[in-house]
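Trainee: After the C-alpha cells below, expect a handful of questions from me.
Since every read-out is calculated from the coordinates, none of them should be taken as a lab result. Please read all numbers here as calculations on a predicted model, not as lab measurements. Cβ placement follows ideal geometry from the backbone for every residue including glycine, while neighbour counts extend to all protein chains displayed.
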Amino acid sequence: MYASSINYRRRKMKKKNTTTKYIIRTVIIIIALIIAYFLIKMIKYSDFMQALNQTGAPMPPEATKQPSDKYSAILDNFTFNDDTTGTKAIGQTQTITEDTPNTYCAVNYPVIGMDSIDSVLKAEADNIIAQFNTENAEYIADSPEARAYLNVDYQSYVTGDSIASFVYDIQYTSPDSKSPVQEVRTHNFLLATGNDITFDKILMGDYLEYLSYKTTEYVNANPEFYKKDSDEAEKYTKNYSASARNFKDFSVSMNGLTLYFMPGRIAPKKFGYVSFTIPSKDILPFMVFDPFKKVKLPVTEIAQPEEAVQPAAPTIDPSKPMVAFTFDDGPNKGSTERILNTLEKHGVHATFFLVGNRIDYNKDIVKRMHELGCDVASHSFDHAQLNDLKKKKIKQEYSRTNSILKNLIGDKAHFVRTPYGTHTDKILEATDYPVILWNVDTEDWKSRNKKKILKRVIGKVNDGDIILMHDIYDSTADAVETMVPKLIKQGYQIVSVSEMFEAKGVEPKNGTVYYNIR
Ligand code: ZN
C-alpha cells in the first residue's frame with residue numbers, strides 16, 4: 001500500500017514534469033519560429049536594400065543549365081536574312097502602307113515562316129495601325145485638314161538556336177503633336193515551340209532584384225535624365241523597383257538581354273523610349289537555359305538576278321524615245337532591292353523620291369541606288385502634307401532629308417516630288433528645287449496587281465513621259481521585272497529624270513513643276 005502510494009505520487013510527479021517540458025518545448029519552438037521569421041525578413045529586406053543602394057549585385061541562383069541541342073533541327077524551317085549579325089536577323093520584311101488624305105502610314109513587319117509566330121507579329125502590326133487610326137479619327141472629324149503619320153520598323157534577333165525576339169519601333173505624329181512620338185513593343189518566342197515567352201519563363205532566382213539593380217546602374221550612368229534626390233526622381237524610381245509589373249519589354253540577342261522602357265517610365269518623355277543591354281555573361285547565371293550557345297544559322301539563299309552583262313555607262317540617244325521611271329515612298333527592304341536588281345540587270349537608271357525618315361533603316365539600299373547611278377531625290381522628311389506647314393517648316397522637310405543624304409552619299413537631293421503631288425504657290429515659293437510630278441500614273445498603290453500596272457504603261461507611254469510608281473510594293477517590283485525588257489524591246493530608253501533633262505536639253509528650274517520633259 002505504502003509502496004504503491006509512493007509509486008502513484010512518482011507517477012503523478014512524472015506526469016507533471018512531462019506536461020511542463022511539453023509547454024516549455026512548445027514555447028521554445030514558437031520563439032524560434034518568430035526569430036527565424038524576422039531573420040528571413042531581415043535578410044530579404046537587406047538584399048533588396050542592397051540592390052537599391054548598389055552596394056552589390058543580387059547573387060545569381062545555382063546553375064541548372066539545360067543544353068538546348070534539341071532545338072537545332074527546327075532551324076531549317078525558318079527564313080533567315082544573310083546578315084545574322086544585323087538588326088533584322090530573322091524574317092522577310094513585308095510592308096503595309098495606307099495613304100489617305102489625312103493619314104499616311106508605312107509599317108514594316110517580319111514574316112519568318114512559322115504560322116503561330118507570324119500571326120502574332122502580323123496582328124501586332126494591324127493593331128498598331130488600328131490604334132493609330134482610332135486615335136486620329138477624332139481630330140480628323142474636327143478638322144479635315146488634320147494630318148497624321150505613322151512609321152514602323154522592326155528589329156529581329158535570334159540567339160543560338162532557341163529564342164527569336166522582335167522589336168517594333170513605332171514613330172508617329174498626330175495632328176496635335178509637333179514632334180514625332182516614339183514607342184516600342186516587343187515579342188519573344190521559343191523557336192522550338194513557337195510559344196511566346198515572358199521573363200518568368202526564361203529567368204530564375206532573384207532576377208527581378210537583378211533587373212532593378214541593373215536599371216538603377218543604367219539610370220545612374222545617365223545623369224541627364226533627372227536630378228537624383230529630387231521630387232521628380234521618385235516619379236521614375238518606383239518604375240524600376242524589383243516588381244514584375246515594371247519589367248515587360250525585352251529582347252534577347254547574342255549580345256545579351258535588352259530591356260526597353262516606354263517614354264516617361266524611367267526617364268522623362270523627351271528621351272523617347274529607352275533601352276539598355278545586360279551582357280550575356282552577366283544575365284546567363286539568371287537564365288533557366290543557355291540561349292547564347294553558338295549555333296551556325298542556316299542562311300536562306302536570296303534569289304540573285306541571272307548573271308548580268310556588265311552594263312557600260314548608258315549612253316542616251318536623244319533622237320530615240322525615252323521614258324523616266326520614278327519611284328516614291330521608299331526606300332523599303334525587299335521591294336526596292338528587287339527593283340534595283342532589275343535596273344542593274346538591264347543597265348538602266350531611275351529616280352527614287354525617298355521619304356527622309358525611312359533612310360536610316362535602309363542605308364545600304366540608298367548607297368546602292370547612288371552607286372548604280374540612279375537619282376536619289378527627295379519626297380520630304382516624313383511625307384507631310386506640305387501645304388499645312390509654314391514656309392520655314394517646308395524648307396526643313398527638305399533640309400532634314402538632305403543632311404541625312406549628305407552624310408550617307410555625300411550629295412543632297414537635286415529634285416523633289418512633293419507628297420501627294422501638292423504644288424500650291426506657297427509650296428513652290430518655299431521649294432528651291434525643280435518639282436518633278438508625272439503624267440503617267442500606274443496607280444500601283446491602288447491595284448497592287450502586276451497585270452494592272454503593266455496595262456497602264458505598255459502601249460500607253462510616249463517619248464518624254466514621267467511614270468509614277470511606288471517602290472514599297474512587291475507587286476510593283478514584279479511589274480518592273482516585266483516592264484523594263486518589254487519597253488526596251490519596243491524601242492524605249494529607260495532613264496532617270498536627270499538623264500532625261502540632259503538628253504532633252506532642258507535646264508531644270510527651281511520652283512518649276514515638270515509633268516514630263518520634252
Ligand atoms: Zn508619296
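Trainee: Please list, in chain and number order, the residues 5+ apart from F415 or on another chain whose amide H is under 5 Å from its amide H, with Hs placed from the backbone.
Mentor: S378
Trainee: Okay, next question. Between Q396 and T315, take the C-beta separation as r, use R0 = 41 Å, and let me know the FRET efficiency to the nearest 0.05.
Mentor: 0.60
Trainee: Follow-up question, since we're still on this one. Report the gain in length on full extension from V506 to Y139: 0.36 nm times residue separation, minus Cα-Cα distance, nm rounded to one decimal.
Mentor: Full-extension gain reported as 127.7 nm.
Trainee: If we count other beta carbons within 10 Å of each Cβ, what is the order of H370, H349, fewest first?
Mentor: H370, H349
Trainee: Given the alpha-carbon gyration tensor of the range 458-518, what are the semi-axes of its equivalent ellipsoid in whole angstrom, ordered largest first, with each equal to the square root of 5 times an eigenvalue? Walk me through the intermediate numbers first.
Mentor: Numbers: eigenvalues 108, 46, 17 Å².
The three semi-axes for the range 458-518 are 23, 15, 9 Å.
Trainee: Three principal axis extents, largest first, for the C-alpha atoms of the range 101-251, in Å?
Mentor: Taking the Cα atoms of the range 101-251, the three principal extents are 54, 48, 21 Å.
Trainee: Given I467, F415, P434, which one lies farthest toward the positive end of the charge dipole of the range 410-472, if we put +1 on the Cβ of every Lys and Arg and -1 on the Cβ of every Asp and Glu?
Mentor: After comparing all options, I get I467.
Trainee: K504: net charge of surrounding residues, Cβ under 11 Å, Lys/Arg +1, Asp/Glu -1, itself excluded?
Mentor: -3
Trainee: Going by how many other beta carbons lie within 10 Å of each one, how would you line up T186, T315, fewest first?
Mentor: T315, T186
Trainee: So for the range 150-287, taking the charge dipole from beta-carbon charges (+1 Lys/Arg, -1 Asp/Glu), which of A192, S251, S275 sits furthest toward the positive end?
Mentor: S275
Trainee: Which three lengths, in whole Å and largest first, does the range 312-437 cover when its Cα atoms are put on their principal axes?
Mentor: Sorted from largest, the Cα extents of the range 312-437 read 45, 36, 24 Å.
Trainee: Using the alpha-carbon centroid of each, what span in Å lies between the range 428-445 and the range 474-518?
Mentor: 13 Å
Trainee: To continue, here is another question. Please state the Cα pair-distance histogram of the range 377-518 with 10 angstrom bins from zero: what percent is in each bin?
Mentor: Distribution as computed: 11, 36, 36, 17, 1 percent.
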